[in-house]
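The structure appears below as structure tokens.
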Amino acid sequence: MIRLIILIGFCITSMANATGGEVPDTMAERVKACTICHSAEDKAGRDAYYPRIAGKPQGYIFNQLRNFRDGRRYYQPMVVLLENMSDEYLLEIAQYFSSLQLPYLDPERIHMQPEEIKLAQHLIYSGYPQRNIPPCSACHGDILMGVEPAIPGLIGLSRAYITAQLGGWRSGSIMRGQTSDCMSEIAKQLTEREVNAVAKWLANQSVSGKPGSFNVLSPELANRCGLTTLENGEAE
Amino acid sequence: MKYWIRMFRVIRDWRNITWLWTGRLSLAFISLTITVEIMAGEAERSAAVEYGAYLTRIGNCMGCHTTKGGQSFAGGRRLSTSFGVFITPNITPDKETGIGLWSQQDFWQALHQGKSRDGRLLYPAFPYTEYTKVTRQDADAIFAYLQSLPPVSQTNPAHDIFFPYNSESLLAVWRTLYFKEGVYEPDQSKSAAWNRGAYLVQGLGHCNACHTTRNMLGASQDETLTGGQIMGMNWYAPSLSSHLEAGSGDWEIEEIVALLTTGITKRAVASGPMATVVRQSLQYLSPEDVLAMAAYLKSLTENDTGNVPGVHFSVTSGSFRKHLELGGKIYQEYCQACHGVDGKGAPGIYPALAGNRGVVMDSPLNAIRSVLNGGYPATTAENPRPYGMPPFQQILRNEEVALVVSYIRNAWGNRASLVKALDVDRSKGGDD
């Protein structure tokens, strides 16, 4: 009898081992394919390129996931990863990352000349209306953490990432918006020096606070960037 | 006399009335008949359209005739091959840029004979070599469905085919050599279900467009789904008739059904282009059709002896051991949390690597690509929230990928050739 009990116990243990234990039925487990790069910890790899996605507005993340899947934004690893995912699941993933509030890495410490800092701050908080460049903060929020539901935060991104995105917009090789692409028009107005200053300055800031709400946007800018909210609360 | 005259009048009037009534009744009857016939005609047509929609899914016409994020069936997708770039045409009923002016007969000619409306020979990038097996009735249903779609005005660029493959006379020769026109002929010695499965797999499903080895001229070597490198894609479509690859002779029918419709089973997962086929097409198979397909696929290994060819290693056993030791360390760090110490994974979530034929196949291409690209299984009705595999090319070097793939190909009783960094490098790219 004891032998039998031991045998049964042994069988149960080996069955448990065989399946490698229970796989948690959670979103955190399901998005391990994402968090290997987009993690709170420093797993940024060799090029420190991956942007922070936790806590970004849900509509923004959802739009980008669909853009990658549908060929409107090209980065091969993301395209391949998302190829066979439904809208419903991408929305759930966007909700998950949007709801995450993670501690982030310390900001980069890039040395900047005083005039470079002044230039960056001017672009970010004042813009150059005569050159049709609105201040970044007008859309991305006073604290630059983005605006619900679809404008991304600018803090917590590496200098390499920001420079690459602005570069992509300037060369016309990337598209972001679902309809018009106002960032492309703005980026094309920027000089090389301005791009560098903004990228350095943003990368030097610490992540804090949450995205602002949609009604902080001026109707003129919301209209310019095609940022209307659809009936289902999804942003275009 | 008066009486007779009166009688005559009565009779005449009565006949008139009768005629009148008969006339009215028959008119009513005719219009009723016409109404019923129209309704029946409409019902028949909408049933045909609905059946056509189903067949169009099973033929996965949309897979090629739609670009990423583009308008459905408006074409424009680029198919890169060693013969040049083929651009899929617009098959919406737009009169200028689509097939709005086509007749049923034109469509049949394309599907069955591989000829366009103007008689031009079509390139077999359009798999008419398989579609020729589709019945006229099914072809008509597909046509009815395509014609019911909203027309999309979209002009697509012309094919860009290299010399000498751009010559029509060469294409004519190719057709003489490799194209056999003809609707599927049932094998009377087999069951109806088997024949239905064979009809779908060989014809509309055009499985052989990928699961085959192609010769220098891009012609499929045989019709028995013996596997091969997919044209224009850096993926290997495993043999469906070999026990060593993806043959399903020793699988339960239910498991084959599950793989086709959900994309995942306790021991296998459809990845790469096959995940796309599951998502776009196979998950919509009717219960009868998927059973039929499974029965046919299961029978494909009947002639396979199952002999395991010897594995030849190009390295000495000392370096072999060292290889596996290093690969094992990488496995422990990155793979073990999901696939387990014993490589048994978590059935239906993370595939087992121990005994996984996709891992130990002669061609390591798919295993390498799975490590490099990672990916999610297709989201299907039965598996709407799949678990994913990270794209390890983001954090591992070619040498490390080679080591870990060599390890999983030889751990837990697996036995297969080692993989070199060069193999990993060659496995990159090829995503359109």
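Looking at this structure, is B:Q147 modelled with pLDDT of 95 or more, in a helix (DSSP H, G or I) and not hydrophobic (A, V, I, L, M, F, W, C)?
It is true that B:Q147 is modelled with pLDDT of 95 or more, in a helix (DSSP H, G or I) and not hydrophobic (A, V, I, L, M, F, W, C).
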(message) Here's a check for you: in region A:50-93, which residue that is touching a Cys at 6+ places or on another chain (Cβ under 9 Å) and under 23 Å from B:G70 (Cβ atoms) is modelled with the lowest pLDDT?
(response) A:P77
(message) Just to verify a result, which residue in region B:76-102, among those that are among the small types (G, A, S) and not in a loop (DSSP other than H, G, I, E, B), is modelled with the highest pLDDT?
(response) B:G84
(message) If B:L282 meets every condition in (1) surrounded by 20 or more Cβ atoms within 10 Å (Cβ to Cβ); (2) more than 14 Å from chain A (Cβ to nearest Cβ) apart from one, which number is that one?
(response) (2)
(message) Here is a check on your reading of the model: is B:Q105 more than 26 Å from B:G218 (Cβ to Cβ) and either within 14 Å of chain A (Cβ to nearest Cβ) or not in a loop (DSSP other than H, G, I, E, B) (or both)?
(response) yes
(request) Please verify whether region B:313-326 includes one or more residues that are in a helix (DSSP H, G or I), more than 9 Å from chain A (Cβ to nearest Cβ) and closer than 28 Å to B:G247 by Cα. (result) no
(message) Checking B:R175 against (1) surrounded by 13 or more Cβ atoms within 10 Å (Cβ to Cβ); (2) assigned to a loop (DSSP other than H, G, I, E, B); (3) in contact with a Leu (Cβ under 8 Å, 6 or more places away or on another chain): exactly one of these is not met. Which one?
(response) (2)
(message) Being in contact with a His (Cβ under 7 Å, 6 or more places away or on another chain), polar (S, T, N, Q) and away from every other protein chain (no Cβ under 11 Å) narrows it down to one residue among B:S406, B:S427; which is it?
(response) B:S406
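Regarding B:E382, is this residue of a type in the set (D, E, K, R), more than 9 Å from chain A (Cβ to nearest Cβ) and without any contact (Cβ under 8 Å) to a residue 40 or more places away in the chain?
no
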(message) Quick test of your reading of the structure: A:N17 fulfils all but one of (1) assigned to a helix (DSSP H, G or I); (2) facing chain B (nearest Cβ under 10 Å); (3) at pLDDT 95 or above. Name the failing condition by number.
(response) (3)
(request) Go over the candidates B:V152, B:V134 one by one and state the one that is touching a helix residue (DSSP H, G or I) at 6+ places or on another chain (Cβ under 7 Å), hydrophobic (A, V, I, L, M, F, W, C) and part of a loop (DSSP other than H, G, I, E, B). (result) B:V134
(message) Looking only at region B:262-276, filter to residues that are more than 18 Å from B:G247 (Cβ to Cβ) and either surrounded by fewer than 22 Cβ atoms within 10 Å (Cβ to Cβ) or among the β-branched types (V, I, T) (or both); which one of those is nearest to the other protein chains (Cβ to nearest Cβ)?
(response) B:T276
(request) State whether one or more residues within region B:310-326 are in contact with a helix residue (DSSP H, G or I) (Cβ under 6 Å, 6 or more places away or on another chain) and modelled with pLDDT of 95 or more. (result) yes
(request) Determine whether B:A40 is modelled with pLDDT under 95 and touching an Asp or Glu at 6+ places or on another chain (Cβ under 8 Å). (result) no
(message) Show me the helices (runs of 4 or more DSSP H) found entirely inside region A:53-120 where at least 1 residues are within 8 Å of chain B (Cβ to nearest Cβ) and buried (at least 21 other Cβ atoms within 10 Å of the Cβ).
(response) A:58-69, A:76-82
(message) For region B:336-365: of the residues being assigned to a helix (DSSP H, G or I) and in contact with a helix residue (DSSP H, G or I) (Cβ under 7 Å, 6 or more places away or on another chain), which is surrounded by the most Cβ atoms within 10 Å (Cβ to Cβ)?
(response) B:V359
(request) Within region B:373-432, count every residue that is closer than 25 Å to B:S82 by Cβ, touching a Gly at 6+ places or on another chain (Cβ under 9 Å) and surrounded by fewer than 19 Cβ atoms within 10 Å (Cβ to Cβ). (result) 2
(request) Could you list all residues from region B:192-204 that are surrounded by fewer than 23 Cβ atoms within 10 Å (Cβ to Cβ) and within 23 Å of B:M62 (Cβ to Cβ)? (result) B:R196, B:Q202
(message) Considering only residues that are within 9 Å of chain A (Cβ to nearest Cβ) and aromatic (F, W, Y), which ones fall in region B:330-379?
(response) B:Y334, B:Y350, B:Y376
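The values are calculated or read from the model by the stated rules, or taken from the named source; none is laboratory data. Since we're looking at a predicted model, the values are computed, not measured. Because the Cβ atoms are built from the backbone with ideal geometry, glycine has one as well, and the counts that use them run over all protein chains shown.
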